[in-house]
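J.: One structure coming up, written as structure tokens, with questions to follow.
The values are calculated or read from the model by the stated rules, or taken from the named source; none is laboratory data. What you see is a predicted model, and the numbers here were worked out from it, not measured in a lab. As a convention, Cβ positions derive from the backbone with ideal geometry for all residues, glycine included, and neighbour counts pool all protein chains shown.
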Amino acid sequence: MCTYFTALFLYWIMAFVTKTIKLVRYCQDGVPFSQLRFCITGIMVILYGLLMAVEINVIRVRVCAFFVRI
């Protein structure tokens, strides 16, 4: 079960990095903020960052629950 969450976390990291690179490229190419694809990419970067934060929290809670002594 732990490998599933780790693989999912790695997916969110890779998605976040690729979308951030795409957003930086749009900025370097001078794409204005008013263009729809720039806005969608920016929103996706924020969304992937939030999903990574949720995944970190899930992994942290599962690890803490696994190592709790009763």
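J.: Among (1) out of contact with any Gly (no Cβ under 9 Å at 6 or more places or on another chain); (2) not in a helix (DSSP H, G or I), where does PHE33 come up short?
T.: Answer for PHE33: the failing condition is (1).
J.: Between a residue in region 47-61 that is surrounded by 13 or more Cβ atoms within 10 Å (Cβ to Cβ) and any residue that is in a helix (DSSP H, G or I) and β-branched (Val, Ile, Thr), which pairs come within a Cβ distance under 7 Å, given they are 6 or more apart or on different chains?
T.: MET52/ILE13
J.: Are any of the residues in region 53-70 charged (D, E, K, R), assigned to a loop (DSSP other than H, G, I, E, B) and at pLDDT below 85?
T.: Of all residues in region 53-70, those charged (D, E, K, R) come to 55, 60, 62, 69.
From what's left, assigned to a loop (DSSP other than H, G, I, E, B): 69.
After this cut, where a residue has to be at pLDDT below 85 as well, the list is 69.
The answer is yes, given that some residue of region 53-70 is charged (D, E, K, R), assigned to a loop (DSSP other than H, G, I, E, B) and at pLDDT below 85.
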